[in-house]
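Presented below is the structure to which this report refers.
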Amino acid sequence: MTMEEDYEDEQNWDDEMDQDVPLEDQELNTSFTQDECVERFSCPDYIMEPGIFVQLKRFFQAGGSPDQVIELLSENYTGVAQMANLLAEWLLQAGVSIQEVQQMVENHLKDLVIKHFDPKKADSIFTDEGETPSWLTEIIEHSTWRSLIYRLAEDYPDCLMLNFTIKLISDAGFQGEITSISTAAQQIEVFSRILKTSVMTILSTSNDLKERHLNEFTKMVCHGQHTFLYSHALLHVLSQETKGGSNIRRLAQEISVHAKDQGHNVTPIIMALNGAAAYPRACQAFTSMLSRNALNPADITVLYKMYMADDPPPVDLLRNPLFLNLLVESLFKPGAKLNPEHKPKYIFLLAYAASVHEIHKKGVRKQLNKDELKATLQAIEKVHTICNECKGSSELVAEVGTLYQCIRFPVVAIGVVRWVDYVVSDSSYFKLTTEHTPLHLALLDEVATCHTTLHQKVLDLLIRLFESPQDELDVLVQLERRKMLLDRTVLLFSRGCVVPVVNYIKSCWQKQNTDVSLIRYFITEVLDVIAPPYTSEFVQLFLPMVENEEITGGMRNESDNDPVSEFIVHCKANYIMVN
């Protein structure tokens with residue numbers, strides 16, 4: 001069969017079909033199509049729309065006039081895109097960098113999309129095109145447009161097009177960017193990939209960045225009950241691994257604390273996963289106290305008797321951070337009232353959780369080591385008594401030896417930091433203190449020396465005191481008090497808490513909310529305790545402050561043999577500064 005015959009057959013077929021449709025209906029359909037196309041052609045700049053050729057074909061097939069098309073498209077052409085390009089070229093000729101111009105255009109487009117975005121029209125993209133548009137796969141390669149998708153996904157969580165795009169972004173390997181996207185929680189494949197990436201990031205990152213990643217991670221996990229349960233179940237399985245299991249368990253505990261802080265009752269989930277169901281009485285006691293976020297003597301007595309027995313429940317049940325926090329609070333918060341009859345039970349449970357070690361093989365407990373229990377219990381008891389009885393620094397002098405000795409126990413150190421926090425946060429504390437370095441703050445020095453894991457807690461307390469207003473004190477007294485607190489941060493710095501301390505002081509300098517003399521004082525003290533070699537990270541943070549003329553100009557001499565000049569010369573010769 002020739003091509004002409006094939007065409008004729010097809011034409012005949014079309015004619016037969018046309019004959020089946022009533023003439024009135026054909027004319028009505030043709031008129032409707034023409035009107036619809038004319039309406040579209042009348043839109044501004046419709047000639048720039050990607051669907052222009054499809055509409056032209058429909059219009060002409062419906063018998064539309066080419067002259068009318070030309071007239072409509074030309075009259076409604078405003079050339080917005082071309083005008084934007086022309087303005088961009090003028091800006092470039094005026095000396096603006098191409099990066100700035102590109103950013104201006106992109107930011108304006110983002111604002112327009114956010115303002116006019118219609119989720120229903122966005123979802124119609126798939127029904128109209130029948131497949132993933134090529135432009136959608138192209139835009140996810142650019143961080144600017146990915147950030148736009150994240151923003152829109154937060155505002156329109158039910159938009160199918162945005163949910164699909166989030167999956168495309170995840171498939172393309174950018175899941176690390178979408179930890180805070182709530183829509184990711186609706187797709188288990190995307191959520192699992194993000195969960196894996198986030199856990200790996202937190203476990204491999206440095207301590208100073210870990211806090212930020214942890215906040216983003218906990219926010220994502222606590223998005224809903226289903227995400228919390230799913231994440232906690234996975235982390236619980238991973239925590240059973242011999243290698244790295246303790247780190248995963250710590251991560252799971254942080255999530256639990258964050259969820260509790262947000263007002264979520266996650267106790268039933270935690271109890272179900274940690275094996276407490278095998279000990280119904282203990283499970284009931286824990287659930288009762290954790291749900292109300294308060295201890296009570298009856299439940300404490302139940303736990304005390306169970307852990308005093310010959311075959312006690314697993315110690316891991318006691319190591320719930322929410323429960324431990326309640327125990328520390330009840331024993332070290334000034335003014336907390338404990339029944340003398342039950343006080344030993346509180347102390348015993350805290351000591352047991354902090355010191356007892358179990359050895360398991362194939363899921364069965366083979367050994368229970370209580371060698372450190374007695375010493376830990378005695379230390380907690382001694383310090384608890386001192387904290388409850390002693391009020392001022394003068395009364396503490398006689399107990400300094402005991403406190404320093406007991407602070408070597410980590411659980412006691414945590415209690416001391418909590419107690420000192422309550423005491424020194426009192427508005428009248430510094431008004432009544434006469435010592436240059438109050439004994440309560442000297443105890444923090446000892447904690448920082450003995451326990452690197454508590455450095456951040458000590459630094460947070462010192463920062464809070466440094467920033468707290470003391471308007472009732474004389475200006476010079478306030479200055480001396482802040483210098484004394486800077487001495488504490490320098491000691492913390494000398495014990496290994498380097499980057500967090502310098503980061504904070506640098507932020508004070510950049511915000512210009514701290515007297516320059518205090519920044520100068522800190523730099524002087526630090527230069528006295530450091531020596532090469534330095535890490536590149538420390539140099540990047542510290543050198544800009546040392547070079548600042550306003551801060552260290554008066555500390556230098558012409559011969560360049562002063563500590564400031566020597567530090568600058570050494571850094572310039574051995575390190576490359578990154579802007």
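What the table shows:
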| item | result |
| --- | --- |
| Scan of region 258-296 for residues that are exposed (fewer than 15 other Cβ atoms within 10 Å of the Cβ) and within 18 Å of GLU329 (Cα to Cα), ordered by number | ASP261, SER291, ARG292, ASN293, ALA294, ASN296 |
| Flag for ALA379 being modelled with pLDDT under 95 and either open to solvent by less than 60 Å² (accessible area, probe 1.4 Å) or not assigned by the TED database to the domain that holds LEU317 (or both) | no |
| Given (1) over 30 Å from PHE538 (Cβ atoms); (2) modelled with pLDDT under 85; (3) out of contact with any Ser or Thr (no Cβ under 7 Å at 6 or more places or on another chain), number of the condition ASP208 does not satisfy | (1) |
| Search result, residues across region 451-499 that are of a type in the set (Ser, Thr, Tyr) and surrounded by fewer than 16 Cβ atoms within 10 Å (Cβ to Cβ) | THR452, THR453, SER468 |
| Matching residues, region 112-141, being under 30 Å from the mean Cα position of the chain (by Cα) and open to solvent by 100 Å² or more (accessible area, probe 1.4 Å) | LYS115, GLU138, GLU141 |
| Unmet criterion (only one of (1) assigned to a helix (DSSP H, G or I); (2) open to solvent by 30 Å² or more (accessible area, probe 1.4 Å); (3) not small (Gly, Ala, Ser)) for ARG408 | (1) |
| Within region 414-447, considering residues that are aliphatic (A, V, I, L, M) and more than 17 Å from THR402 (Cα to Cα), the one farthest from the chain's Cα centre (by Cα) | LEU432 |
| Residue in region 553-572 that is in the same structural domain as THR524 (by the TED database), under 33 Å from the mean Cα position of the chain (by Cα) and among the polar types (S, T, N, Q) present | no |
| Condition broken by ASN29, with the remaining ones in (1) farther than 25 Å from LEU136 by Cα; (2) surrounded by 12 or more Cβ atoms within 10 Å (Cβ to Cβ); (3) at pLDDT 80 or above satisfied | (3) |
| First in region 141-164 and in the same structural domain as ILE125 (by the TED database) and more than 12 Å from GLU177 (Cβ to Cβ), second anywhere and part of a helix (DSSP H, G or I) and modelled with pLDDT under 80, Cβ under 7 Å, 6 or more apart | GLU154/SER182; PRO157/SER182; PRO157/THR183; MET161/ILE125; MET161/PHE126; LEU162/THR183; ASN163/THR183; ASN163/GLN186 |
| Residue in region 329-365 that is surrounded by the most Cβ atoms within 10 Å (Cβ to Cβ), counting only those that are more than 17 Å from ALA285 (Cβ to Cβ) and touching a Lys or Arg at 6+ places or on another chain (Cβ under 6 Å) | PHE332 |
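The values are calculated or read from the model by the stated rules, or taken from the named source; none is laboratory data. Small disclaimer: the values here were computed from a predicted structure and weren't measured. In this analysis, Cβ positions are derived from the backbone assuming ideal geometry, glycine residues included, and neighbour counts consider all displayed protein chains. For the accessible areas, the whole protein counts, side chains as well, though only heavy atoms, and no ligand, DNA or RNA atoms are used. Shrake-Rupley method; radii C 1.70, N 1.55, O 1.52, S 1.80 Å.
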